[in-house]
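The values are calculated or read from the model by the stated rules, or taken from the named source; none is laboratory data. If you're wondering where the values come from, they're calculated on a predicted model, not measured in any experiment. Cβ placement follows ideal geometry from the backbone for every residue including glycine, while neighbour counts extend to all protein chains displayed.
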């Protein structure tokens, strides 16, 4: 029992690592939460501080999600068992919660998209890799991170079932919950998209 509590606490602490805040303050003297969309994530870091700052933020956020769910391997559970899957789902929720409400940054974090991607990668990597590919392609076409994130999230349960033939009810339900949560956390972005006011992010600098 104690090992479960310890792993959950560590997962939350990993999620609470405010990479965007620390990197912004340490190397640029800027708190990204005071600029742009005011989110402590890779997208707002890119918008406020540029690619050199955003890349390490994205990598750290992705890795901490993956690392948190990987803590499940310290528990003596059978591979592919329902108990192991349920523990992974709990760790996904906890690490994303840590990113959104980080104890190391006054409980004011980001939306947790990169952290969620890293966490889900440790749950079922084939579908999340396809979702990431869809995200990148859509971002390159539309330049909207919010739209690309939501479509990528929706692709996870869809591709799990239609592309990879997964019929596991817990996995599909989990995928649907992830997709719905992404839409809920981006509700303000949806309003801006409809109004044509959503800011764009360009992967490659535009020629003047």
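Which residue, of 91, 121, 87, 78, is more than 20 Å from residue 44 (Cβ to Cβ) and free of Cβ contacts under 8 Å to residues at least 12 places away in the same chain? Reasoning before the result, please.
Working: 91 fails: free of Cβ contacts under 8 Å to residues at least 12 places away in the same chain; 121 fails: free of Cβ contacts under 8 Å to residues at least 12 places away in the same chain; 87 fails: free of Cβ contacts under 8 Å to residues at least 12 places away in the same chain.
Just one listed residue meets the conditions, 78.
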What's the number of the condition residue 146 fails, among (1) surrounded by 17 or more Cβ atoms within 10 Å (Cβ to Cβ); (2) modelled with pLDDT under 95; (3) assigned by TED's automatic domain parsing to the domain that holds residue 203; (4) closer than 21 Å to residue 161 by Cα?
(4)
Confirm whether residue 134 is assigned by TED's automatic domain parsing to the domain that holds residue 44, over 11 Å from the mean Cα position of the chain (by Cα) and assigned to a helix (DSSP H, G or I).
no
The residue that is surrounded by the fewest Cβ atoms within 10 Å (Cβ to Cβ), considering only those in segment 27-40 that are part of a helix (DSSP H, G or I) and more than 20 Å from the chain's Cα centre (by Cα), is 34
If I ask for residues that are part of a loop (DSSP other than H, G, I, E, B) and surrounded by fewer than 21 Cβ atoms within 10 Å (Cβ to Cβ), which ones from segment 78-110 would you list?
78, 79, 80, 81, 101, 106, 107, 108
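Return yes or no: is residue 152 farther than 24 Å from residue 202 by Cα and buried (at least 24 other Cβ atoms within 10 Å of the Cβ)? Break it down into steps so the answer makes sense when it comes.
On the way: farther than 24 Å from residue 202 by Cα: no; buried (at least 24 other Cβ atoms within 10 Å of the Cβ): yes.
So residue 152 fails the test.
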From (1) at pLDDT below 95; (2) in a helix (DSSP H, G or I), pick out the condition that doesn't hold for residue 58.
(1)
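Restricting attention to segment 162-180, and to residues there that are assigned to a helix (DSSP H, G or I) and free of Cβ contacts under 8 Å to residues at least 24 places away in the same chain, which single residue is surrounded by the fewest Cβ atoms within 10 Å (Cβ to Cβ)? Give the steps one after another, and end with the answer.
Just the residues of segment 162-180 that are assigned to a helix (DSSP H, G or I), to begin with: 162, 169-180.
Now restrict to residues that are free of Cβ contacts under 8 Å to residues at least 24 places away in the same chain: 162, 169, 172-173, 176-177, 180.
Values: 162: 10, 169: 8, 172: 16, 173: 12, 176: 16, 177: 14, 180: 13.
Applying the filter and picking the extreme gives 169.
Answer yes if at least one residue in segment 41-48 is closer than 27 Å to residue 148 by Cα, free of Cβ contacts under 8 Å to residues at least 40 places away in the same chain and surrounded by 14 or more Cβ atoms within 10 Å (Cβ to Cβ), and no otherwise.
The first filter runs over segment 41-48 and keeps only residues closer than 27 Å to residue 148 by Cα, leaving 41-48.
Okay, now just the ones that are also free of Cβ contacts under 8 Å to residues at least 40 places away in the same chain, so 45, 48.
If we keep only those that are surrounded by 14 or more Cβ atoms within 10 Å (Cβ to Cβ) as well, we get 45, 48.
Taking every residue of segment 41-48 in turn, at least one turns out to be closer than 27 Å to residue 148 by Cα, free of Cβ contacts under 8 Å to residues at least 40 places away in the same chain and surrounded by 14 or more Cβ atoms within 10 Å (Cβ to Cβ).
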Which one of these is out of contact with any helix residue (DSSP H, G or I) (no Cβ under 6 Å at 6 or more places or on another chain) and at pLDDT below 95: 13, 46, 78, 87?
78
